[in-house]
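Structure record follows, encoded as structure tokens.
The values are calculated or read from the model by the stated rules, or taken from the named source; none is laboratory data. Everything quoted here is computed from the prediction, not taken from an experiment. Because the Cβ atoms are built from the backbone with ideal geometry, glycine has one as well, and the counts that use them run over all protein chains shown. SASA here: full protein model, heavy atoms, side chains in, ligands and nucleic acids out. Shrake-Rupley method; radii C 1.70, N 1.55, O 1.52, S 1.80 Å.
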Amino acid sequence: MLHRPSRTTPSPLRTGLASWRRRVVALALVALTASLLQANMSSASTESVSAGKAQAGTKGAAVVRVSEFLAECPYSHRLPDDPIVFPGLPGASHMHSFFGNDTTNGRSDVNSLAKGRTTCAPKEDLSSYWVPTLYDGTKEVEPTGTTFYYLGEGVRDDIIAQTQPLPYGLRIVAGNAKATGPNDNTRARWSCLHHGEVNPSTDFVNCPAGAMLESYLDFPQCWNGRDLDSADHKSHMSYPVAGACPSTHPVPVPKLRQVLRYPVNGDPARFSLASGRGYTMHGDFFNVWPAAEMERRVRDCIRPIIKCGADGVPS
């Protein structure tokens, strides 16, 4: 009689192997799911941080909204010349310290300056800037910080949006070389670098040891739209009134702010200018920026109220 094997239950070994396989598959699925969740969360977190940074950047841009470009123009040379006030008359003026165009002299005009070189950064700025020389006793002192800012401030935003480029060849004098007292010069200011406890003044101030004497001077920013100069070298320009340009000088142009830092401090009685006391501080500007470069900077920096560096690019 043939013996038929009877049906038997799976052996413990087989059961264990099957159970182990199921657990491995389950664990793999759990690990895969966790990995996908982690990737999604990481992506979401990155997007959130990026969005936050973008938002912060937008907010920051709104906070630092400044209408500005600038030129750094170190000292070039000294001469008793003034090609605006005494054109064609070398030696006719008190001593001036010149910045920017290094060919400036009593016979300079826009054509000769255009052929010159410059100490300025950017090199495109062939303009000439000059001020009366500062003396510490009998010793000439030249500034070690020489920044010329071009600004849209001083007028309403809608006026800034209408700003026109400074015309090529424009000449401007700011300040009062003939001032006989502190009240005769309402534009020039003296202060101390990083020492706000010393109040600014139209005359020299007493800066503490280690500080530097600073000179600030704002030029007018409203042009009559016709003349590149005038008999007194001022009448073709005007300062704003109530945030706008007066009808006599309807064209808004960038405001030039001259900031000079001298490596001196202490008793202001030691100091004098070639023109006299501190309140005789004045500045002369002969515009020789290439017209296209000036137009670009007004378009990209001044009108949209964007802070630009010396390269005329948003900083």
I'd like to check something: does the stretch 194-202 contain any residue that is acidic (Asp, Glu) and in contact with a Lys or Arg (Cβ under 8 Å, 6 or more places away or on another chain)? no
How many residues are more than 20 Å from residue 229 (Cα to Cα), not in a strand (DSSP E or B) and not charged (D, E, K, R) when one looks only at the stretch 282-315? 12
Answer yes if at least one residue in the stretch 154-162 is basic (Lys, Arg) and either over 22 Å from the mean Cα position of the chain (by Cα) or in a helix (DSSP H, G or I) (or both), and no otherwise. no
Some residue of the stretch 273-283 being open to solvent by less than 40 Å² (accessible area, probe 1.4 Å) and farther than 28 Å from residue 190 by Cβ: no
Looking at the stretch 64-84, which of the residues that are within 28 Å of residue 295 (Cβ to Cβ) and open to solvent by 30 Å² or more (accessible area, probe 1.4 Å) is modelled with the lowest pLDDT? 64
Sole residue being farther than 24 Å from residue 83 by Cα and more than 25 Å from the chain's Cα centre (by Cα), chosen from 106, 137: 137
